[in-house]
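Below is one structure, written out as structure tokens; the observations come after it.
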Amino acid sequence: MVLTLFGPPGSGKGTQAEFLVQHFGIPQVSTGDLLRREVEADTELGRQARIYMERGDLVPDQITLELFRRRLQEPDSAPGVLLDGFPRTVGQAQALDHLLAEMGKRMDRVIRILVPEEVLVERISGRLTCPVCGRTYHPRLKPPRLEGRCDYDGAALLQREDDSPTTAHRRIKVYQQRTLPVLEHYRSQGVVSEVDGTGTVEQVRERVIAAAEGRELDAADASGSQA
């Protein structure tokens, strides 16, 4: 099973990714984590990537794809993987298609979380972020168990300067412009599922898992999710 999640800032993609990883027992594989691991291990690929990273340039796709190839060959990836932050362009998606085909795999499901823009802006504005693990909270929508502290590592939560309504609108627009072509690429393969991202975390989780499993929720579940 090869899955990937698409969702704009504030869609709850990170929270739902955690559920998918736990539910299916598969690792979450992100470009950033792969690059950091190679750089820290001082591998040949890591040294190549470091040159671009230190210049502030994007790491070439061929390096990133080779990192994914190696990660997909590791034992814990045998049941499948949840890709995080990749692919971001149609070119990357096409190259990933070829890589997966060479390994006898394919992209099984691309799950797009849909949330109205006004809801996204509300979620993003006032959002609190953990500087250690990157998890996000919201004073009203998703408060931490202990005020001002991350539930997982106890770090003091911070509010980023760019978590404002104006910046939120801009970030959402940029996301849509970059993401829609990639979604159309996978839509042509019939592997895109669009999931309503409104409602409780548990309701969205049920929809996301159903989409990953290729199931459709019955009418009662779907209508109940809007309550």
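Read-outs throughout are calculated quantities, based only on the coordinates presented, and are distinct from any laboratory measurement. Because the structure is a prediction, the values reported are computed rather than measured. Cβ placement follows ideal geometry from the backbone for every residue including glycine, while neighbour counts extend to all protein chains displayed.
Data overview
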| quantity | calculated |
| --- | --- |
| HN-Hα J in Hz across the stretch 107-116 - Karplus 6.51, -1.76, 1.60, θ = phi - 60°, x for Gly and Pro | 6, 7, 7, 10, 9, 9, 8, 9, 9, x |
| Ranking of Arg123, Arg135 by count of other Cβ atoms within 10 Å, fewest first | Arg135, Arg123 |
| Choice from Pro87, Pro27, Pro79 showing the highest fluctuation, given a GNM over the chain with Cα pairs closer than 10 Å | Pro79 |
| Length-normalised contact order for the chain - Cα pairs under 8 Å, 6+ apart - percent | 25 |
| Sites Val132 and Arg170 - FRET efficiency at Förster radius 25 Å, r taken between beta-carbons, to 0.05 | 0.40 |
| Farthest toward positive dipole pole in the stretch 26-167 [+1 Lys/Arg, -1 Asp/Glu at C-beta], among Thr166, Leu45, Leu128 | Leu128 |
| Cβ-derived FRET efficiency at R0 25 Å, His98 paired with Leu58, nearest 0.05 | 0.80 |
| Antiparallel bridges, percent of DSSP beta bridges restricted to the stretch 1-141 (to nearest 5) | 15 |
| Footprinting exposure proxy for Phe24, Phe6 (fewest neighbouring C-beta atoms within 10 Å first) | Phe24, Phe6 |
| Placed amide H near Phe6: partners under 5 Å, 5+ positions off or other chain | Ile111, Arg112, Ile113 |
| Of Val81, Val110, Val59, farthest towards positive along the dipole that unit charges on Lys, Arg, Asp, Glu beta carbons give the chain | Val59 |
| Fluctuation leader among Ala168, Ala93, Ala41 - the chain, Gaussian network, Cα springs under 10 angstrom | Ala41 |
| Under-5 Å amide H pairs with Arg160, H placed in peptide plane, nonlocal only | Thr129 |
| Label-zone membership for the stretch 168-201, site Asp33, 7 angstrom Cα→C-beta point, backbone N under 16 Å | none |
| Per-residue ³J(HN,Hα) for the stretch 137-148, Karplus 6.51 cos²θ - 1.76 cosθ + 1.60, θ = phi - 60°, Hz, x for Gly and Pro | 9, 9, x, 9, 7, 8, x, x, 4, 10, 3, x |
| Cβ-Cβ FRET estimate between Glu44 and Asp108, R0 fixed at 25 Å, reported to 0.05 | 0.20 |
| Max mean-square fluctuation residue, GNM over the chain, Cα-Cα springs under 10 Å, options Leu34, Leu72, Leu58 | Leu58 |
| Isolated Cys in the chain, by beta carbon distance under 4.7 Å | Cys133 |
| Proxy reagent accessibility, fewest Cβ within 10 Å first, across Tyr52, Tyr186, Tyr152 | Tyr152, Tyr52, Tyr186 |
| Spin-label model distance (nm) - Arg215 vs Leu180, 7 Å beyond Cα toward Cβ | 3.3 |
| Residues whose placed amide H lies under 5 Å from that of Gly126, excluding near-sequence neighbours | none |
